[in-house]
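Written below as C-alpha cells is the structure these notes are about.
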Amino acid sequence: MTGSASGLGRIGVVTFPGSLDDGDAQRAVRLAGGEPVALWHRDKNLHQVDAVVLPGGFSYGDYLRCGAIARFSPVMEPLLEQARAGMPVLGICNGFQVLCESHLLPGALTRNDHLHFVCRDQKLRVERTDTAWTSDYTHGQEITVPLKNGEGGYVADEHTLDALEAEGRVVFRYVGGNPNGSRRDIAGITNEAGNVVGLMPHPEHAVETLTGPTTDGLGFFTSALKRLVTA
Amino acid sequence: MARVVVDVMLKPEILDPQGQAVQRALPRLGFEGVDGVRQGKRFELEVAEPVTDDALARIHDLAETFLANTVIENFTVRVEDAESAQGAPA
C-alpha cells in the first residue's frame, strides 16, 4: 500500500455531481484518524489513495436509475480496476447503488416497497467482521446509524440471494423492522474478496455524539485504516 | 433520420410499487376493470439512416449496458417505421 507523507492512511471520497454526503464521509475518515482525500468524478486516477468511499446523495439527479450514470464517470475506471485488485471500497447509499450498477456487487436497489422516503435511526446486525470495513465490530453486534433513502430495497434473484447467504456475503441485516422491502432484510453486502462493501444506511452520519444518534459508524473507518496499516 | 425505440420494463418477478400506486388510483378516477399496471421506460433514439444490422447491434449493447439494468429489467429494441410514427395502424 502507498503510505502518505503524514503516515496516515489515505482514504479517497468521490464527489459526483449531486453527491451530498461527501463532506461527512471525509470528516468520518478524519475522526477515525485517517487522511481524507477529495476525489472528483472526472479524475482519471485515484491520487495514490489506499481506499475509496463512494458517498451518499443523488448523483446525476438519480436520472435513468440511481447510480447508473455515475457508474460511467471517468473516476470509476481506475476505481473498478483497483477494487478488483483488492483495494478497500465502501459504497454508502447512492454509493451502494453505484457499486451494484457497476457489477462490483450483485443485485440492485429499487424503489422502497411502500413508496415513502425513509429517514430514521436504524438498527443493524453485523454479520461479517472479516471485511475491510467491519473488522472493528464483533459478530452479531447491533449498531444504530441513520438511514435515509427512497430507493433502498435490495433485490436479486433467488439464486443470487441463496449464494450470498451460503458464501456469508450478507454483512448487515436490518433489525427491528425492514424499512424498505429489502429481500431477506439485507442492508449491506460484500464481494467475494471482502474488500468491497456496500450498504444503504449511513455510518458516516454516526461518528460523533453531537450530530449523530451514536458513534457506531466510526468502526467502518477505523477498520479500513487498520487494514491499511497492516497491509 | 430514423427512430429506434428501446422499451425497458421491470422483470415480472420484480415488485413495481409505482405501478401498483397507479393502479390503486384508477378506481378513484372512475376507471374500473384494470387488474394490473406495470410502469416502464421508453427511449427514442434518433439515428442516421439507414439503420444497419450493425447499428442495431450497437444499440442493443447500449441498452444492455446502460439504458436497462438487466439484473431487474428486460428491454426490447425496435426500429419505428414512418407509418407507425405518424400514428397509423401498424
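The values are calculated or read from the model by the stated rules, or taken from the named source; none is laboratory data. Predicted, not measured: the structure shown is a model, and the values here were computed from it. No Cβ is skipped: glycine too gets one built from the backbone with ideal geometry, and neighbour counts run over all protein chains shown. Each accessible area value is taken on the protein alone, full model and side chains, heavy atoms only, with ligands, DNA and RNA left out. Shrake-Rupley method; radii C 1.70, N 1.55, O 1.52, S 1.80 Å.
I'd like to know how segment A:122-197 sits against the 2.2 N^0.38 Å rule of thumb: what's its Cα Rg over that expected value?
Numbers: Rg = 11.9 Å, N = 76, 2.2 N^0.38 = 11.4 Å.
Here the Cα radius of gyration is 1.05 times the empirical estimate.
Label point 7 Å out from B:A25 along Cα-to-Cβ: which residues of segment A:162-185 have amide N under 15 Å?
none
What's the Cα-based Rg to Rh of segment A:10-230, Rh via Kirkwood?
Values: Rg = 15.4 Å, Rh = 16.7 Å.
So for segment A:10-230, dividing Rg by the Kirkwood Rh gives 0.92.
Can you give the extra length, in nm with one decimal, that the chain gains between B:K11 and B:E64 once fully stretched, where that is 0.36 nm per residue apart less the Cα-Cα distance? Display every interim value, and only then the final one.
Details: separation 53, 0.36 × 53 = 19.08 nm, distance 1.39 nm.
Once the chain is fully extended between B:K11 and B:E64, it gains 17.7 nm.
Which whole-Hz couplings ³J(HN,Hα) result when phi for each residue of segment A:73-79 is put into the Karplus expression 6.51 cos²θ - 1.76 cosθ + 1.60, θ = phi - 60°, listed in order with x for Gly and Pro?
With coefficients 6.51, -1.76 and 1.60, one gets 5, x, 5, 6, 5, x, 5 Hz.
Please calculate the 1.4 Å probe accessible area of A:R71, with all protein chains present, and give it to the nearest 10 Å².
Answer for A:R71: close to 40 Å² accessible.
For B:Q39, enumerate residues with amide H under 5 Å from its amide H, sequence gap 5+ or separate chain, H modeled in the peptide plane.
Under 5 Å from the amide H of B:Q39: B:G19.
Taking amide hydrogens as modeled 1.01 Å from N in the peptide plane, which residues meet the under 5 Å criterion relative to A:L39, leaving out close sequence neighbours?
Here A:V13, A:V14, A:T15 satisfy the definition.
Output needed: percent of Cα pairs per 10 Å distance bin for segment A:42-145, bins running from 0 to the one holding the longest distance.
Distribution as computed: 13, 40, 34, 13, 0 percent.
Output the antiparallel fraction of DSSP beta bridges having both residues in the protein assembly as shown, as a percent to the nearest 5. Could you put the intermediate results ahead of the total?
On the way: 38 of 54 bridges.
If I count the DSSP bridges inside the protein assembly as shown, around 70 percent turn out antiparallel.
What is the ratio of the Cα radius of gyration of segment A:34-101 to 2.2 N^0.38 Å, where N is its residue count, to two decimals?
Details: Rg = 11.3 Å, N = 68, 2.2 N^0.38 = 10.9 Å.
Against the compact-globule rule of thumb, the ratio is 1.03.
Go ahead and collect, in residue order, the members of segment A:95-126 whose backbone nitrogen is under 11 Å from a label point 7 Å along the Cα-Cβ direction of B:N74.
Within reach of a label on B:N74: no residues.
Post the alpha-carbon centroid distance, segment A:108-183 to segment B:1-47, in whole angstrom.
What the calculation gives is 28 Å, centre to centre.
Gap in Å between the Cα centre of segment B:50-79 and the Cα centre of segment A:208-231?
Their Cα centres are 43 Å away from one another.
Per residue of the protein assembly as shown, what 222 nm ellipticity follows from adding -39500 (n - 2.57) for every DSSP H run with n ≥ 4, rounded to the nearest 500? Intermediate results must be reported in sequence, preceding the final value.
Values: 8 runs with 72 residues, N = 321.
That calculation yields -6500 deg cm²/dmol at 222 nm.
State the percent of C-alpha pairs, over all pairs in chain B, separated by a distance greater than 16 angstrom. Don't skip to the answer; put the middle values down first.
On the way: 2525 of 4005 pairs.
So the pairs more than 16 Å apart make up 63 percent of the total in chain B.
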